[in-house]
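S.K.: Have a look at the structure that comes next, please.
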Amino acid sequence: MEISNRKAYHEYFFEAKYIAGLVLAGTEIKSLRSGKASFNDSYCYFDKGELYVKSLHISEYNFGTYNNHEPLQERKLLLTKRELRKLETKTKEKGYSIIPLRIFISDKGYAKMEIGLGKGKKIYDKRETIKERDTDRDIKRKYGI
């Protein structure tokens, strides 16, 4: 099971990627296992030296009782101190953001999130990316690669 943020690759250039653990409630992990999550406008931010993901929508669990979770609550990400310090210094530079790229379940059964340290693309960069993708597709179609 993997949920990816395809829009992020269109909007940002990524310099580094990290795998972070997610702190979740029981009903959240059950919703994730059934693939009910959305990355619409989600981003990561620092608060008192800890990394959180905001506006990540994990749908309520259908069979959850009164202890069901809030769909848009902030969720803490787990990284090593060294990785957190490195990311925090980079995000203080102009133009850098931490963007969630995908959520997956690890081999041990834990929910993990791949995050990327990205710099926003300009409009002409986005056009260039689309043009490259189209030419690659045409070449593959022509030569059967």
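No value in this document is a laboratory result; all are computed from the given coordinates. This structure is a prediction, so every number in the text was calculated from the model and none was measured. All Cβ positions, even for glycine, are placed from backbone atoms using ideal geometry, and neighbour counts span all protein chains on display.
S.K.: Just list whichever of Lys48/Lys119; Lys54/Lys140; Lys86/Lys108 have alpha carbons separated by over 30 Å in the model shown.
M.R.: Lys54/Lys140
S.K.: Give me a comma-separated list of calculated 3J(HN,Hα) values for the stretch 11-16, in order, Karplus coefficients 6.51, -1.76, 1.60 applied at θ = phi - 60°, integers in Hz, x for any Gly or Pro.
M.R.: Ordered by residue, 3J(HN,Hα) equals 8, 9, 8, 9, 8, 9 Hz.
S.K.: Going by a ≥ b ≥ c, the root eigenvalues of the Cα gyration tensor, does the stretch 2-143 fall in the rounded group (a/c under 1.5), the prolate group (a/b larger than b/c) or the oblate group?
M.R.: Verdict is oblate for the stretch 2-143.
S.K.: Pick from Ile123, Ile29, Ile103 the residue whose mean-square fluctuation is largest in a GNM of the chain, springs joining Cα atoms under 10 Å.
M.R.: Between Ile123, Ile29, Ile103, it is Ile123 that shows the largest mean-square fluctuation.
S.K.: Okay, next question. What ranking of Glu88, Glu15 emerges when the number of other C-beta atoms within 10 Å of each C-beta is taken as an exposure proxy, fewest first?
M.R.: Taking fewest neighbouring Cβ atoms as first place, the list is Glu15, Glu88.
S.K.: Next up: In the chain, if the dipole is taken from +1 on Lys/Arg beta carbons and -1 on Asp/Glu beta carbons about the Cα centre, which of Leu101, Val53, Tyr9 is farthest to the positive end?
M.R.: Tyr9
S.K.: Can you sort Thr80, Thr91 by how many other beta carbons sit within 10 Å, fewest first?
M.R.: Thr80, Thr91
S.K.: Classify the stretch 92-138 from the C-alpha gyration tensor, please: rounded if a/c falls under 1.5, else prolate or oblate depending on whether a/b exceeds b/c.
M.R.: Here the stretch 92-138 falls in the oblate category.
S.K.: Given charges of +1 on the Cβ of Lys and Arg and -1 on the Cβ of Asp and Glu, with all other atoms neutral, how large is the dipole of the chain about its Cα centre, in debye to the nearest 20? Spell out each step's value before the answer.
M.R.: Numbers: 31 positive and 21 negative charges, 90 e Å.
Value, rounded to 20: 440 debye.
S.K.: Next question. Once every DSSP H run of n ≥ 4 in the chain is given -39500 (n - 2.57) and the sum is divided by its residues, what mean residue ellipticity at 222 nm do you get, rounded to the nearest 500 deg cm²/dmol? Before the final figure, lay out the partial values.
M.R.: Values: 4 runs with 47 residues, N = 145.
-10000 deg cm²/dmol, from helical runs alone.
S.K.: Within 10 Å of each residue's Cβ, count the other Cβ atoms and sort Tyr143, Tyr110, Tyr12, Tyr96 from fewest upward. Could you put the intermediate results ahead of the total?
M.R.: On the way: Tyr143 7, Tyr110 13, Tyr12 19, Tyr96 16.
Final ranking by Cβ density, sparse to dense: Tyr143, Tyr110, Tyr96, Tyr12.
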